[in-house]
Amino acid sequence: MTIDKRLAEFLDTVVKEGGSDLHLFAGGSPVIRVSGALVPLSKYPALTEKETEEMLKSIVPEDRWNSFKENQSIDLSYAHKSDARFRVNGYRAQGSVALAFRLIPHSVRTFTELNLPPILEVFTQREQGFFLVVGPVGQGKSTTLAAMVDRINDSRAEHILTIEDPVEYIFMPKKSLIHQREVNVDTADFHTALQGAFREDVDVIMVGEMRNYETISSAVTAAETGHLVLSTLHTNNAAQTIDRIIDMFPSEQQDQVRVQLAGSLIGIFSQRLIPRISGGLIPAYELLINNNAVSTLIRDARTHEISSVIETSSQEGMIDMDRSLAELVHRGEVTVEHAYEHAMDPKTFEHYI
């Protein structure tokens with residue numbers, strides 16, 4: 001069997017088994033992730049160093065192969081047949097090539113289908129501001145962001161620009177005009193694409209990830225100048241997210257950034273995917289809405305008080321993670337044990353239970 005056919009068979013297995021990820025590496029059989037658990041595909045023999053390198057080479061555009069050899073890592077998207085796309089990372093581990101594939105569903109799911117709170121709809125209807133979806137790797141941030149972009153596409157006639165590395169969900173224009181730019185293919189980097197957006201008559205900007213202060217600075221400026229900016233960050237909660245953003249800037253700029261962020265931020269949504277009793281995963285979440293109290297805490301560098309504001313502001317639509325986890329337990333969606341593993345403050349969680 002050729003390399004292309006073997007790779008196709010592995011990817012078919014991910015789709016067939018309802019998996020989310022595929023790992024290929026030298027010296028072991030393929031491994032897929034299903035409902036959060038890793039499952040070895042032991043019916044396949046261990047892959048060799050030559051095979052994993054040939055598999056990566058078969059899907060990397062020729063003009064980018066030298067980039068992989070130089071950096072020992074590469075990100076790209078890969079279309080498998082007509083019904084599946086994957087985000088791919090190729091990298092070296094102990095001298096051999098390894099590949100990680102993340103399945104991107106063909107269609108963008110709605111808030112209801114994803115079990116996300118209806119209040120997220122409010123943020124998709126804002127004309128301007130900065131909204132972040134945060135959480136550790138693999139917790140569904142990109143999927144939530146895609147649902148928000150598609151809701152805008154369904155309901156508003158806007159010019160939407162996405163900047164991604166790589167492009168994941170493919171959006172079909174509905175009411176909106178949508179352009180998707182991929183880093184290293186359509187633009188040099190996130191910052192360059194954001195700067196260009198100011199000259200492209202864009203209304204909504206989705207930035208796949210905030211990686212450095214140049215990107216964040218441009219995003220905040222865009223939010224201040226009449227754009228709705230949506231993005232992600234690998235942080236655990238709202239307070240940590242604000243601290244991380246400010247800490248990315250040189251010390252002499254941090255006071256100014258606090259003021260900008262206090263004025264432009266509209267919300268931060270943190271999520272975790274929890275194993276569901278009935279099978280699959282379901283999100284637990286925290287939602288910060290930037291009101292006058294939160295804005296003051298950001299300006300005054302009192303972000304450590306933000307969690308308390310979230311806990312006491314449920315009437316405004318804010319949600320704290322421990323309450324969200326407890327509600328999932330009460331509805332019989334997840335076990336107490338799984339919920340407890342993701343609690344922000346075990347004592348608070350126990351109080352809700």
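Only four residue types carry charge here, +1 at the Cβ of Lys and Arg and -1 at the Cβ of Asp and Glu. Report the dipole size of the range 120-352 about the Cα centre in Debye, rounded to the nearest 20. Provide the component values of the computation, followed by the final result.
Working: 18 positive and 34 negative charges, 67 e Å.
The dipole of the range 120-352 has a size of about 320 debye.
Using Stokes-Einstein with the Kirkwood hydrodynamic radius over Cα pairs, what translational diffusion coefficient do you get for the range 268-353 at 10 °C and a viscosity of 1.306 mPa s, in µm²/s rounded to a whole number? If you can, show how the numbers build up before the last one.
Details: Rh = 13.5 Å.
D, rounded to a whole number, is 118 µm²/s.
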Problem - Principal axis box of the range 3-104, alpha-carbon based, largest edge first, Å - result: 35, 30, 24
Practice task
Kindly express, to the nearest 10 degrees and within the range 0 to 90, the angle between helix 213-224's C-alpha long axis and the longest C-alpha principal axis of the chain.
Solution key: 50
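To one decimal place, what Kirkwood hydrodynamic radius in Å is obtained for the range 181-275 from all pairs of distinct Cα atoms?
Numbers: mean 1/r = 0.0709 Å⁻¹.
Here the Kirkwood hydrodynamic radius works out to 14.1 Å.
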Handout entry: Between 0 and 90°, nearest 10: helix 3-16 axis offset from the chain longest Cα axis
Key = 50
Practice task
With a bin width of 5 angstrom, please list the P(r) values of the range 25-83 as percents of all Cα-Cα pairs, from the 0 bin to the one holding the largest distance.
Solution key: 4, 14, 19, 20, 24, 14, 5, 0
Practice task
In whole Å, largest first, what are the principal axis extents of the Cα atoms in the range 98-201?
Solution key: 41, 36, 24
Handout entry: ³J(HN,Hα), Karplus 6.51/-1.76/1.60, whole Hz, each residue of the range 64-70, x for Gly, Pro
Key = 10, 5, 5, 5, 5, 4, 7
Practice task
State, as an integer percentage, the relative contact order of the range 175-239 based on alpha-carbon contacts under 8 Å between residues 6 or more apart.
Solution key: 31
Exercise for the section: Divide by every residue of the chain the summed helix terms, -39500 (n - 2.57) for each DSSP H run of at least 4, and state the resulting mean residue ellipticity at 222 nm, rounded to the nearest 500 deg cm²/dmol. Expected result: -11000 deg cm²/dmol
Completion exercise
Of the residues 161, 217, 204, the Cα lying farthest along the dipole of the range 113-236 towards its positive end, which is defined by charges on the beta carbon of Lys, Arg, Asp and Glu, belongs to 204
Practice task
Among 41, 132, 297, rank each residue by its count of other Cβ atoms within 10 Å, from fewest to most, as a rough exposure measure.
Solution key: 41, 297, 132
Fill in the blank from the handout: Among 28, 118, 56, the residue whose Cα sits farthest towards the positive end of the charge dipole of the range 20-118, when +1 is placed on the Cβ of each Lys and Arg and -1 on the Cβ of each Asp and Glu, is 118
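At a threshold of 8 angstrom on Cα-Cα distance, excluding pairs fewer than six apart, so keeping six or more, what relative contact order does the chain reach in percent? Mind showing how you got there, number by number?
On the way: 645 pairs, mean separation 44.3, N = 353.
For the chain, the relative contact order is 13 percent.
Pulled fully out, how much extra length does the chain show between residue 184 and residue 66, if you take 0.36 nm times their separation in residues and subtract their Cα-Cα distance? Kindly include the intermediate steps, with their values, before the conclusion.
Numbers: separation 118, 0.36 × 118 = 42.48 nm, distance 1.29 nm.
So the chain would gain 41.2 nm between residue 184 and residue 66.
Test of understanding: express the Cα radius of gyration of the range 106-158 as a ratio to 2.2 N^0.38 Å, with N the residue count. Could the numbers behind the result be given before it?
Details: Rg = 11.1 Å, N = 53, 2.2 N^0.38 = 9.9 Å.
Expressed relative to 2.2 N^0.38 Å, the Cα Rg reads 1.12.
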Problem - For the range 1-77, size of Cβ-based charge dipole, Lys and Arg +1, Asp and Glu -1, in debye - result: 240
Practice task
Compute the separation of the alpha-carbon centres of the range 42-79 and the range 263-310 and state it in Å as a whole number.
Solution key: 38
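Can you work out the FRET efficiency for the pair residue 316 and residue 43, with r the C-beta to C-beta distance and R0 = 56 Å, to the nearest 0.05?
Working: r = 53 Å, r/R0 = 0.95.
Plugging the Cβ-Cβ distance into 1/(1 + (r/R0)^6) gives 0.55.
Please report the antiparallel percentage of DSSP beta bridges with both residues in the range 3-104, rounded to the nearest 5. Please list the in-between numbers first.
Values: 29 of 30 bridges.
Taking every DSSP beta bridge with both residues in the range 3-104, the antiparallel ones total about 95 percent.
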Practice task
Once every Cα of the chain carries one equal point scatterer and solvent is ignored, give the base-10 log of I(q)/I(0) from the Debye formula at q = 0.11, 0.14, 0.15 Å⁻¹, two decimals.
Solution key: -0.80, -1.24, -1.36
Completion exercise
Working note, the range 52-161: Cα radius of gyration (Å, one decimal) and Dmax (Å, whole number) are 17.6, 50
Practice task
Calculate the spin-label point distance for residue 296 paired with residue 281, positioning each point 7 Å from the Cα along the beta-carbon direction, and give it in nanometres.
Solution key: 3.9
Problem - In degrees, nearest ten, helix 321-330 long axis to first principal axis of the chain (Cα) - result: 70
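Taken together, the values in this text are just the output of simple stated rules run on the coordinates, not laboratory data. Not measured: the values here are computed from a predicted model. Don't worry about glycine lacking a Cβ; one is built from the backbone with ideal geometry, like all the others, and counts go over all protein chains shown.
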